[in-house]
Amino acid sequence: MTPAGIEPSRIPAHVACVMDGNGRWATRRGLRRTDGHAAGEDALFDTVEGALDLGLRWLTVYAFSTENWRRPIDEVRYLMGFNERILTDRRDELHERGVRITFAGRRDWRVPKRLVRRMDEALEMTAGNRRMTLCIAFNYGGRAEIVDAVRALVEKGVPADKIDEKAIRANLYQPEMPDPDLVVRTSGEFRISNFLLWELAYSELVFTDVLWPDFRREHLFDAVREYQRRTRRFGGVEELDD
Ligand code: IPE
Ligand code: IPE
Ligand code: MG
């Protein structure tokens, strides 16, 4: 059943989350930043449940940006191991729920081989699932994604006059991903931080002060309620049904 106050006919197809505030959550408790990342696991899986409750088609989560390599080496190393463990420990559960796991981002030499293997295993295991796609943006940067799409077009020998929005779209990391209807960023930061630059041209943005480790499905529902109060115009003059 759709949560109270949410109109079932206007559920966003795709919600994208910037899971931010783990470090501050930990620091406020006198813990290590990495403890904050660990605490983010429950937030993520409760959000996935909420997304399934709502019947979202896509949920994209920003797990590691192309700029996050700037962090102290110990934190980066922790995050690599953490993501690897989550993929190993929780993929079966996601699979049972009918969730297809996929990834957006650069698979460059900096991403440990073991993690890449876990990513491939999760992809393969869940490839046939249709209930919802969970897209993990990992080593993801919106600018890098556009650069990679243009490079792919050039490599294919596409002439300049054939490079249009549709061609770029088709060469992004997830060509079949619908543009996010709603982007939620936690932790009170009002910025995009290089997330889905191409895709969120007309997304509704919702910001909350809740720190990611405290985020639960109810917060997702609140964001969807806020989304449903907005009027989307896409540059036109009346609300379009998309
Ligand atoms: C988000 O939390 C997680 C990642 C970027 C991997 P942060 O680690 O950015 O937490 P804050 O913003 O420092 O509180
Ligand atoms: C964005 O958060 C990246 C992820 C949540 C993975 P950051 O914490 O890296 O963003 P900035 O540095 O505050 O802009
Ligand atoms: Mg942050």
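The values are calculated or read from the model by the stated rules, or taken from the named source; none is laboratory data. This one's a predicted model, so the numbers in the text were calculated from it and none came from an experiment. Cβ placement follows ideal geometry from the backbone for every residue including glycine, while neighbour counts extend to all protein chains displayed. Surface areas here come from the heavy atoms of the whole protein model, side chains and all, with no ligands, DNA or RNA. Shrake-Rupley method; radii C 1.70, N 1.55, O 1.52, S 1.80 Å.
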Candidates per GluC sites (Glu not before Pro) in the range 160-239, loop by DSSP, up to 16 other Cβ within 10 Å
Glu176, Glu189, Glu238, Glu239
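With the Cα gyration tensor of the range 181-239 in hand, convert its eigenvalues to equivalent ellipsoid semi-axes via √(5λ) and list them largest first in whole Å. Write down the numbers at each step before the final one.
Working: eigenvalues 96, 46, 13 Å².
They are 22, 15, 8 Å, listed largest first.
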Long-range HN-HN contacts of Val183 with modeled amide H, under 5 Å:
Ala16, Glu204, Leu205, Val206
Solvent-accessible heavy-atom area per residue, rounded to whole Å², over the chain at 1.4 Å
51
Amide H to amide H, which residues 5 or more places from Ala104 or on other chains are under 5 Å from it, using H placed in the peptide plane?
Ile136, Ala137, Phe138
Taking every alpha carbon pair in the range 144-201, what does the distance histogram look like in 5 angstrom bins from 0, in percent?
4, 16, 26, 20, 15, 9, 6, 3, 1
What is the ratio of the Cα radius of gyration of the range 67-172 to 2.2 N^0.38 Å, with N the residue count, to two decimals?
1.25
So, with points 7 Å from each Cα along the Cβ direction, the Arg216-His95 label distance in nm works out to 3.0
Please compute the Kirkwood hydrodynamic radius over the range 116-242, one decimal place, Å, based on all pairs of different Cα atoms.
17.2
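Treat the chain as a sphere of radius equal to its Kirkwood radius over Cα pairs and apply Stokes-Einstein at 20 °C in a medium of 1.002 mPa s; give the translational diffusion coefficient in µm²/s, rounded to a whole number.
Details: Rh = 18.7 Å.
Here the translational diffusion coefficient equals 114 µm²/s.
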Over the range 14-228, what is the percentage of antiparallel beta bridges among all DSSP beta bridges, to the nearest 5?
0
Label point distance in nm, Phe234-Phe45, each placed 7 Å from Cα along Cα→Cβ:
3.8
Tell me the Kirkwood radius of the range 38-87: reciprocal of the mean inverse pair distance over distinct alpha-carbon atoms, in Å.
12.4
Percent of accessible area on the chain owned by carbon and sulfur, 1.4 Å probe?
50
Compute the distance from the alpha-carbon center of the range 145-221 to that of the range 53-82, in whole Å.
15
Through the Karplus equation 6.51 cos²θ - 1.76 cosθ + 1.60, θ set to phi - 60°, convert the phi angles of the range 175-180 into ³J(HN,Hα) values in whole Hz; use x for Gly and Pro.
x, 8, 5, x, 4, x
